[in-house]
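Visitor: Below is one structure. I have some questions about it.
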Amino acid sequence: MIIAVASCSKYSDAWHPFIKLFRKFWPNCKWPVYLLTDECNDSHEGYDVKISIKQDKGWTYNLKAMLEQVIPLPSDLVLLFQEDFFITEPVDQDFIATAVGIMSFNDFGFLRLYPCPGADRPWSKNYPIGLIDEHAPYKASCQAAIWKREYLTDILSCAKNTMLFELHGTKIAWQKSEPCLAVEREAPKWPLQYLCSAINRGIWSLDAVRLCQQHGINLDLSRRPVGK
């Protein structure tokens, strides 16, 4: 598996705080972290690999192009983040390793680790993981999930941005045969806890500013305003 952080240069002010919080709350992460963007600058330090396609043609086009043409994946699993998902608590690596095993040895399209939306019905007696209904609303979600690469690229082929990824991508997901999983919203603890989102409509959330201040992380406030 690789961990892919989907971004573009206009959100490069989020790259530094994202990776700082990622490394703080997931210090034992055993999978490489790829920064996927149209271009890289000095804000990319801390990522294991940076991939640039040199042009910005929209979030979904960029990500699809990089997944199909650029990344030499050692496996077909991708844990997809966005750059403003600022982790707030220690990550449950054991849970995620179990989720990787489930995805590796079963024919599921994805397993959503941040349950928004969560599972619709039970699947496992041992873990708080359930099945998503075949025609569930927002079946395709931008929240952090482990994806089969082919399934993800199919979803990406139908939309230009994250909103359409969820709206149009859900209709594609309804047509696909692979079942999909999600952590149950009622789980005692979600394996990934993060701000969703640190940047909203181009504005820093006040929670993101406070989180970075709490952990001594420099946040560039010169490029966008802070919400109230």
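The values are calculated or read from the model by the stated rules, or taken from the named source; none is laboratory data. Because the structure is predicted, anything quoted here is derived from the model rather than measured. Because the Cβ atoms are built from the backbone with ideal geometry, glycine has one as well, and the counts that use them run over all protein chains shown. Just the protein is used for accessible areas: all its heavy atoms, side chains included, with ligands, DNA and RNA removed. Shrake-Rupley method; radii C 1.70, N 1.55, O 1.52, S 1.80 Å.
Visitor: Any residue that is over 29 Å from residue 47 (Cα atoms) and out of contact with any Phe, Trp or Tyr (no Cβ under 6 Å at 6 or more places or on another chain) - is there at least one of those in the range 83-104?
Guide: no
Visitor: Would you point out the residue of the range 197-222, among those that are assigned to a loop (DSSP other than H, G, I, E, B) and charged (D, E, K, R), that is surrounded by the fewest Cβ atoms within 10 Å (Cβ to Cβ)?
Guide: 201
Visitor: Would you call residue 151 among the hydroxyl-bearing types (Ser, Thr, Tyr), open to solvent by less than 70 Å² (accessible area, probe 1.4 Å) and closer than 15 Å to residue 109 by Cβ?
Guide: yes
Visitor: Could you list, in sequence order, the residues of the range 1-60 that are among the aliphatic types (A, V, I, L, M), under 29 Å from residue 158 (Cα atoms) and outside any loop (DSSP other than H, G, I, E, B)?
Guide: 2, 3, 4, 5, 6, 14, 33, 35, 36, 49, 51
Visitor: Continuing with the same structure: Would you be able to tell me the number of residues in the range 204-228 that are touching a Cys at 6+ places or on another chain (Cβ under 8 Å) and of a type outside the set (A, V, I, L, M)?
Guide: Residues flagged as touching a Cys at 6+ places or on another chain (Cβ under 8 Å) and of a type outside the set (A, V, I, L, M) within the range 204-228 amount to 1.
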